[in-house]
Amino acid sequence: AQSVTQLDSQVPVFEEAPVELRCNYSSSVSVYLFWYVQYPNQGLQLLLKYLSGSTLVKGINGFEAEFNKSQTSFHLRKPSVHISDTAEYFCAVRRFGNEKLTFGTGTRLTIIP
Amino acid sequence: DGGITQSPKYLFRKEGQNVTLSCEQNLNHDAMYWYRQDPGQGLRLIYYSQIVNDFQKGDIAEGYSVSREKKESFPLTVTSAQKNPTAFYLCASRSGEQETQYFGPGTRLLVL
């Protein structure tokens, strides 16, 4: 079985400050990893994904994430946030050969002007 | 424009009523999925379909039914057996050659 833990349910950050949203997963086999963003009353939009290769992946809107296999983590980072980054962020994992995508419970990012 | 459409945006259900949520995609994706989203619980998989005329239960299929008669369509019926249907429902699809699921805009179901 696979599971995803997002350690922070809410993260307030001042505008132009850096942010890190944490994600840890558990799986006995290799996985694909994803970060999605959800704006109020909308669907999910893919921010970035790790499938293989370089452990540092870059996504849209200036976000990046680093896959750390030994720590089973996939933390999301941005060096300088903007008001428009206010949203809920979901980490998700999918095992190789498995159709199921398992989501964390989400982190609500609030940007303080 | 290619994408996934869900309708209606808001849906109201009366006690004992079945309601059907629509999901259509023109991305030529093979696989389609239905998720339920409740506050603080993330997304939970209801049903998925990897090919026309075939579908599998997800983690919370009780009280729901689906069909996949066409590649581009995957409607979800919330039956009267679902005692707590109030939630945000999201449809997604995935190409067989890609690992990424793409999501529609969602339908919010409310009980009268």
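The values are calculated or read from the model by the stated rules, or taken from the named source; none is laboratory data. Bear in mind that the values here come from a model prediction, so they are computed numbers and not experimental data. Using ideal geometry, Cβ is built from the backbone for each residue, glycine included, and neighbour counts are taken over all protein chains shown. Just the protein is used for accessible areas: all its heavy atoms, side chains included, with ligands, DNA and RNA removed. Shrake-Rupley method; radii C 1.70, N 1.55, O 1.52, S 1.80 Å.
Enumerate the strands (runs of 3 or more DSSP E) found wholly within region A:41-113, keeping only those where 2 or more residues are surrounded by fewer than 12 Cβ atoms within 10 Å (Cβ to Cβ), more than 13 Å from every other protein chain (Cβ to nearest Cβ) and not hydroxyl-bearing (Ser, Thr, Tyr).
Those strands (runs of 3 or more DSSP E) span A:56-58.
Step by step: first the residues of region B:31-53, then only those that are closer than 19 Å to residue B:20 by Cα and open to solvent by 60 Å² or more (accessible area, probe 1.4 Å), then the one that is farthest from the other protein chains (Cβ to nearest Cβ). Which residue is that?
B:53
Check every one of the strands (runs of 3 or more DSSP E) wholly within region B:29-68 and list those with 3 or more residues that are under 23 Å from residue B:80 (Cα atoms) and within 10 Å of the chain's Cα centre (by Cα).
B:31-37, B:43-51, B:64-66
In region B:51-74, which residues are at negative phi and in contact with a Lys or Arg (Cβ under 9 Å, 6 or more places away or on another chain)?
Of everything in region B:51-74, those that are at negative phi and in contact with a Lys or Arg (Cβ under 9 Å, 6 or more places away or on another chain) turn out to be B:51, B:52, B:54, B:55, B:58, B:59, B:60, B:64, B:74.
Could you pull out the residue among A:78, A:58 that is without any contact (Cβ under 8 Å) to a residue 12 or more places away in the chain and over 10 Å from the mean Cα position of the chain (by Cα)?
Testing whether each residue is without any contact (Cβ under 8 Å) to a residue 12 or more places away in the chain and over 10 Å from the mean Cα position of the chain (by Cα) leaves just A:58.
Quick check on my filter: what residues within region B:5-28 are open to solvent by 80 Å² or more (accessible area, probe 1.4 Å), part of a loop (DSSP other than H, G, I, E, B) and away from every other protein chain (no Cβ under 13 Å)?
B:14, B:15, B:18, B:26, B:28
For region A:10-38, what are the residues that are among the polar types (S, T, N, Q), open to solvent by 80 Å² or more (accessible area, probe 1.4 Å) and touching a residue at least 60 places away in the same chain (Cβ under 8 Å)?
Correct list: A:10 only.
Report, ordered by the first and then the second residue, all pairs with beta carbons closer than 9 Å, sequence separation of six or more or different chains, a first member in region A:81-109 that is under 14 Å from residue A:40 (Cβ atoms), and a second member that is surrounded by fewer than 21 Cβ atoms within 10 Å (Cβ to Cβ) and of a type in the set (Phe, Trp, Tyr).
Taking only residues 6 or more apart or on different chains, the pairs are A:86/A:39; A:87/A:39; A:88/A:39.
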